[in-house]
Amino acid sequence: MSAKPPVRIEVADHVATLTLDRPEKRNALNAVLVEALSDALARTASDPAVHVVAIRGAGKDFCAGADLDELERTSRLSEAENLADVRRMGALFAALRAHPRPVVAVVTGHALAGGAGLATACDLVLAHEHAELGYPEVHLGFVPALVMTILRRKLPEAVAFELVAKGDRIGAREAERIGLARVIPSDGFDGAVARYLAELAGRPPSAVALTKALLYELGELDFEAGLERAAEVNVEARMTEACREGVRRFLERSASRA
């Protein structure tokens, strides 16, 4: 009997749901899961039926961080082997950012250490009101180095520093207050998440893809270069059939109201 895949992929109504499927390990990260998730992202990136990607965890937790067996394994690796191992996780973060579709982390239970990093690396986080996130690596004498690349872009410096230097867990409401997540109440959670994803999937995918790519690209450009790149994307969007159709519908509605 073959081993159960660590990531399940389901596509329905233009939403691809990637479920981390190691509930007995609280969906802890290991090399096999990271590879499977990277493969799933590559598959959904090339699937025209996918307009939105959601990442969830099976069972109670989103992801509790690194698998203990994985931690023990890395302690025996050489410096070069450790660097190669970390770069695989870095490549996963890069794939999330480069994915042409919005990637939404749906966080229930705990998202800790690498699990919090995975959620943070997604474009959006929908958090159950009782969920907890945290970057506790400092307590082990470790540094949440990869996720700091993301946090530095999403949050003010002092807020990001407090999160990683203290390593405290924060609740969903606090995550929402600082701008890391949107809280979804526990009452009707699954329905509310489904409606949010469906609404996002209903936007023209070409426009959303251009919007996502430009937003992240602007973070690397100075003001003048950003304006020039924005002008180029504006023109590219105008030339799409989705934009032309949207303008036609808008003009027709305006004419009917006149």
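The values are calculated or read from the model by the stated rules, or taken from the named source; none is laboratory data. These numbers were taken from a predicted model, which means no experiment stands behind them. Note: ideal-geometry Cβ built from the backbone for every residue, glycine included; neighbour counts use all protein chains shown.
Here is how the numbers come out for the structure above:
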item: Among (1) more than 26 Å from Val104 (Cα to Cα); (2) touching a Gly at 6+ places or on another chain (Cβ under 9 Å), the one test that Ala207 misses; result: (1)
item: Lone qualifier among Leu112, Leu124, Leu133, Leu118 - being buried (at least 23 other Cβ atoms within 10 Å of the Cβ), assigned by TED's automatic domain parsing to the domain that holds Met89, within 15 Å of the chain's Cα centre (by Cα) and closer than 20 Å to Val52 by Cβ; result: Leu118
item: Qualifying residue in the range 213-223 (condition: over 22 Å from Ala127 (Cβ atoms), surrounded by fewer than 12 Cβ atoms within 10 Å (Cβ to Cβ), free of Cβ contacts under 8 Å to residues at least 40 places away in the same chain and of a type outside the set (A, V, I, L, M, F, W, C)); result: yes
item: Hey, Leu18 in the same structural domain as Glu132 (by TED's automatic domain parsing), within 25 Å of Met148 (Cβ to Cβ) and surrounded by 13 or more Cβ atoms within 10 Å (Cβ to Cβ) or not; result: yes
item: Qualifying residue in the range 76-85 (condition: in contact (Cβ under 8 Å) with a residue 12 or more places away in the chain, in contact with a Leu (Cβ under 7 Å, 6 or more places away or on another chain) and surrounded by fewer than 21 Cβ atoms within 10 Å (Cβ to Cβ)); result: yes
item: Every pair of residues 6+ apart whose Cβ atoms lie under 9 Å, when the first sits in the range 8-20 and is under 17 Å from Arg195 (Cβ atoms) while the second is in a strand (DSSP E or B) and basic (Lys, Arg); result: Thr17/Arg8; Thr17/Arg56
item: Every pair of residues 6+ apart whose Cβ atoms lie under 6 Å, when the first sits in the range 127-143 and is assigned to a loop (DSSP other than H, G, I, E, B) while the second is loosely packed, with under 14 Cβ neighbours inside 10 Å; result: Glu129/Pro185; Glu129/Ser186
item: Residue list for the range 77-99, restricted to those being part of a loop (DSSP other than H, G, I, E, B) and either of a type in the set (Val, Ile, Thr) or more than 21 Å from Thr19 (Cβ to Cβ) (or both); result: Leu77, Ser78
item: The range 152-181 residues that are on the phi > 0 side of the Ramachandran plot, paired with ones that are surrounded by fewer than 15 Cβ atoms within 10 Å (Cβ to Cβ) and part of a loop (DSSP other than H, G, I, E, B) (beta carbon under 9 Å, 6 or more apart); result: Gly179/Pro156
item: Residue that is over 20 Å from Ala209 (Cα atoms), aliphatic (A, V, I, L, M) and free of Cβ contacts under 8 Å to residues at least 60 places away in the same chain, where the choices are Ala36, Ala94; result: Ala36
item: Residue within the range 109-120 that is free of Cβ contacts under 8 Å to residues at least 40 places away in the same chain and part of a strand (DSSP E or B) present; result: no
item: Verdict on Ala160 being surrounded by 12 or more Cβ atoms within 10 Å (Cβ to Cβ), more than 24 Å from Thr17 (Cα to Cα), at pLDDT 95 or above and more than 16 Å from the chain's Cα centre (by Cα); result: yes
item: Tally, over the range 163-196, of residues that are small (Gly, Ala, Ser), surrounded by 14 or more Cβ atoms within 10 Å (Cβ to Cβ) and more than 15 Å from Gly114 (Cα to Cα); result: 6
